[in-house]
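Notes follow the structure.
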Amino acid sequence: MEQQTYLIGDIAAITGLSRDTLRFYEKKGILTAKKKANGYRYFTEEDLYLLVRILFSKKMNFALGTTKELLPADVLSPDYQDTMRRQIREEMEAIRLHKQTLCRLLSIGKIYDGVENSKGRFSIKPFPASLLMCTADSLTDGLKQWFMLCQKQPGLDMVYIYDCYQYRSGFTLESQEPAEPSSKALIHRDYEAELIYQRSCLILYKEVIEAMELDYDFSGCKALPEESCVHTVVESKDARPDILTISSMRGWAAEQGLVASPDVLVTSNFSRLQGDSNSYVQEIYIPLLSG
């Protein structure tokens, strides 16, 4: 029985493919038009079946070269099955990377919301459930460590750098030997309060690990305590926290009947160019002492 023939316009109308696409397939050698005696190029039902396989292969994200190789192959052959398994692995990895991209976007959106709700306000907030990836002895080394982690595994760019400081108050009590040896006196001395840099901690939130499905060995990472903290968000021209902000946070905690730890944890979530210098959005946590 003679097969029905189709001109290129007929094939385009049936398949939804453009004439240019059909010509491209011809050029690549995966589709071949036949010629009638009058010179008209035509296709047959066999070509329609072939186009079904071509379009299905395209929907499975096979490269055109791979599609050309698979067209004559038996779908039950080992080579065909190996190609399918390899494509499945590639698609699964693409899905994982896409989920990581989505997680980054959602995380940034969450940070935006947090900045808007917390900027310039003091509140009590638990430190996020986190793992300590590593520490550094300087601000610069902390940045270097971050870049090193990013190269180890996709997704570790979601690590936050928390710079850790210690607050030293503006006064101290010192004992002094008086003239009478039987007694001692305490002398109050005033100093300017200061923040002493201790270290930089590279921290990864547990919710990020779960959302991004990170394939990384975290067995050597220490879980950080989810302790209650005084929390705020500020914008500053310096990546280091302002001593007046820290003093105000501690004073606010005291007004609530709470005692603030001397430890201060600061992460600069974003920076933007403001004039000739950067402006930093800082998230600040000061742990509270129990009892």
**Item:** Heavy-atom accessible area order for K125, K119, largest first, 1.4 Å probe
**Value:** K119, K125
**Prompt:** Can you give the extra length, in nm with one decimal, that the chain gains between F218 and H98 once fully stretched, where that is 0.36 nm per residue apart less the Cα-Cα distance?
**Reply:** 41.0 nm
**Request:** Quick one: compute the contact order of segment 1-120, relative version, from alpha carbon pairs under 8 angstrom and 6+ residues apart, as a percent.
**Result:** 17
**Request:** Count the net charge of all other residues whose Cβ sits under 14 Å from the Cβ of C221, scoring Lys and Arg as +1 and Asp and Glu as -1.
**Result:** +2
**Request:** Could you run the Karplus curve 6.51 cos²θ - 1.76 cosθ + 1.60 with θ = phi - 60° over segment 230-242 and give me ³J(HN,Hα) per residue in whole Hz, x for Gly and Pro?
**Result:** 7, 10, 7, 10, 9, 10, 9, 7, 10, 5, 8, x, 7
**Request:** Using the structure shown, select from K58/K152; K35/K59; K99/K152 the pairs with a Cα to Cα distance greater than 23 angstrom.
**Result:** K58/K152; K35/K59
**Asked** Among F62, F24, F127, which one shows the biggest mean-square fluctuation in a GNM of the chain, springs joining Cα atoms closer than 10 Å?
**Response** F24
**Request:** Quote the accessible area belonging to E116 in square angstrom, nearest 10, computed with a 1.4 Å probe and with ligands, DNA and RNA left uncounted.
**Result:** 140
**Prolate/oblate/rounded label for segment 4-46 (Cα gyration tensor, a/c 1.5)** = oblate
**Asked** What does the charge add up to near P241, with Lys and Arg as +1, Asp and Glu as -1, over the other residues with Cβ less than 13 Å from its Cβ?
**Response** -4
**Asked** What is the spin-label model distance, in nm, from D238 to R272 if the labels are put 7 Å beyond Cα along the C-beta direction?
**Response** 2.2
**Complete:** At the level of C-alpha centres, the distance separating segment 210-258 and segment 123-149, in angstrom, is 11
**Request:** Excluding residues fewer than 8 places away in the same chain, name every one of the aspartates and glutamates whose C-alpha is closer than 15 Å to that of K34.
**Result:** E2, D10, E26, E45, E46, D47
**Message:** Given the whole protein assembly as supplied and a 1.4 Å probe, what does the accessible area of S118 come to in Å², nearest 10?
**Reply:** 20
**Prompt:** Just the accessible area per residue of the chain, please: how many Å² with a 1.4 Å probe?
**Reply:** 63
**Message:** With the cut-off at 1.5 for a/c, could you classify segment 16-93 from its C-alpha gyration tensor as rounded, prolate or oblate?
**Reply:** prolate
**Asked** Relative contact order for segment 3-51 using alpha-carbon pairs under 8 Å, separation at least 6, rounded to a whole percent?
**Response** 45
**Sequence of R96, R250 when ordered by accessible area, the most exposed leading, probe 1.4 angstrom** = R250, R96
**Message:** Quick check: the distance between the Cα centres of segment 85-107 and segment 19-53, to the nearest angstrom?
**Reply:** 36
**Fill in**
the chain, Gaussian network, Cα under 10 Å: of S123, S18, S219, the residue fluctuating most is S18
**Request:** Would you mind counting up the charge near V264? Only other residues with Cβ under 15 Å from its Cβ, with Lys and Arg at +1 and Asp and Glu at -1.
**Result:** -2
**Asked** Considering the values [x] 1.31; [y] 0.97; [z] 1.04, which represents Rg/Rh (Cα atoms, Kirkwood Rh) as calculated for the structure under consideration?
**Response** [x]
**Asked** Counting pairs of alpha carbon atoms under 8 Å apart in space and at least six apart in sequence, what relative contact order in percent does the chain give?
**Response** 17
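The values are calculated or read from the model by the stated rules, or taken from the named source; none is laboratory data. Only a predicted model underlies this, so the values are computations on that prediction, with no experimental measurement involved. Positions of Cβ are generated from backbone atoms using ideal geometry, with glycine treated the same way; all protein chains shown enter the neighbour counts. For accessibility, only protein heavy atoms count, side chains too; no ligands or nucleic acids. Shrake-Rupley method; radii C 1.70, N 1.55, O 1.52, S 1.80 Å.
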